[in-house]
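Data first, discussion second: the structure below is written as structure tokens.
The values are calculated or read from the model by the stated rules, or taken from the named source; none is laboratory data. Predicted model, so just to flag it, every value in this text is computed and none were measured. Because the Cβ atoms are built from the backbone with ideal geometry, glycine has one as well, and the counts that use them run over all protein chains shown. What goes into the accessible areas is simple: the full protein's heavy atoms, side chains included, and nothing from ligands, DNA or RNA. Shrake-Rupley method; radii C 1.70, N 1.55, O 1.52, S 1.80 Å.
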Amino acid sequence: MKEKLNIAVLFGGCSPEYDVSLQSAAAVIGHMDRERFNPVPIGITRQGDWYCFGGSIGEIADDTWHLGTACSPVTVSLERAKPVLYQCAGNHITEIHVDAAFPVLHGKNGEDGTVQGMFQLMGVPVVGCGTLASALCMDKHRAHQVARAVGVAVPRGCRLARSFQMDEAQVHAAAMRYPLFVKPVRAGSSFGVTKVAGPQELADALELAFRYDGEVVMEEAVPGFEVGCAVMGNDCLTVGEVDEIQLAEEFFDYAEKYTLKTTAIHVPARVDAATTRRIKDAAQTIYRALGCRGFARVDMFLTPTGRIVFNEVNTIPGFTEHSRFPSMMKAAGMSLKQVVSAAIGWAVEK
């Protein structure tokens, strides 16, 4: 019988999206094929401490994983000939061989190429996007530049550094016309994002965005609604069904993303077959242009005139059974267990 692969599943992390990561990781571990893979849960606290966790999935989901005795400090070996984790239990150090790393870390310090680069140094395959694609997709401004270069429409916008002048920002905003969006360049789950109705709201929106990153983008508000497309694979791509976000409020903020109190998500999207095909084609073009591998969710806008405008790529989307990415793949005929297995397979393929 073929030996099982040890898959380090990373969760938590120094990110505002710590709580979301716990739910996704619990789902990934719960749907991992135990006949093929042995999950090695690695929890990272909000303070950045790494632990090998030997408790239950429920303790991950309810954030009690770090409170009991099931945690042992763990660190990594950067020796390429020795892809192991060092688990410290008392005075004893145990080596845990790792065949692949599956970061289920949302936002900074996990989805932005930092963790991916560390495992690349170790010579350990990473499930999902690699270092460059992770860093590039996390950077909204530069991701848009790449998408534009391959012929995909992007919102009009401009980037501001901390040294910006307020009068300069007002000039750019007026040129784009209100309402517009102010966003941190590198943040997820809509943290620090504000829809700005007029010039009197701009200063507060910029201040909030700069709390999350050293660079900020101002973007025009694109008319229409948001659509998403799940994409999986390396060279040959598998595409999920397109979904559609039906908003009742101003925009899809953090609270709405994880409660859906006033928002409805339709899978498949309520668009015709030709439009669905164009959205899927655009998603694959963006996925390839940004160097994505394994899986990612490509988010776009569909305007009333049928124009497709790129928004962003989420390289580690939510993985709960009710999250958008698994829902899109389920509509295309893939269960979450199949998604997890395929993602790991693409990472370890030679």
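Observations, loosely collected:
- Residue in region 308-325 that is modelled with pLDDT of 95 or more and among the small types (Gly, Ala, Ser) present: no
- Residue tally, condition small (Gly, Ala, Ser) and crowded, with 18+ Cβ neighbours inside 10 Å, over region 139-156: 2
- Some residue of region 322-331 being open to solvent by 30 Å² or more (accessible area, probe 1.4 Å), within 18 Å of Pro103 (Cα to Cα) and small (Gly, Ala, Ser): no
- Meets criteria (at pLDDT 95 or above, over 30 Å from Pro41 (Cβ atoms) and of a type outside the set (Gly, Ala, Ser)) for Val104: no
- The set of residues in region 334-350 being part of a helix (DSSP H, G or I), out of contact with any Lys or Arg (no Cβ under 9 Å at 6 or more places or on another chain) and either touching a residue at least 24 places away in the same chain (Cβ under 8 Å) or open to solvent by less than 20 Å² (accessible area, probe 1.4 Å) (or both) consists of Lys337, Val340, Ala342, Ala343, Val348.
- Selection within region 18-39 - of a type outside the set (S, T, N, Q), farther than 16 Å from Val339 by Cα and open to solvent by 10 Å² or more (accessible area, probe 1.4 Å): Asp19, Val20
- Under the condition of being assigned to a strand (DSSP E or B) and under 15 Å from Phe301 (Cβ atoms), the residues counted in region 142-194 number 5.
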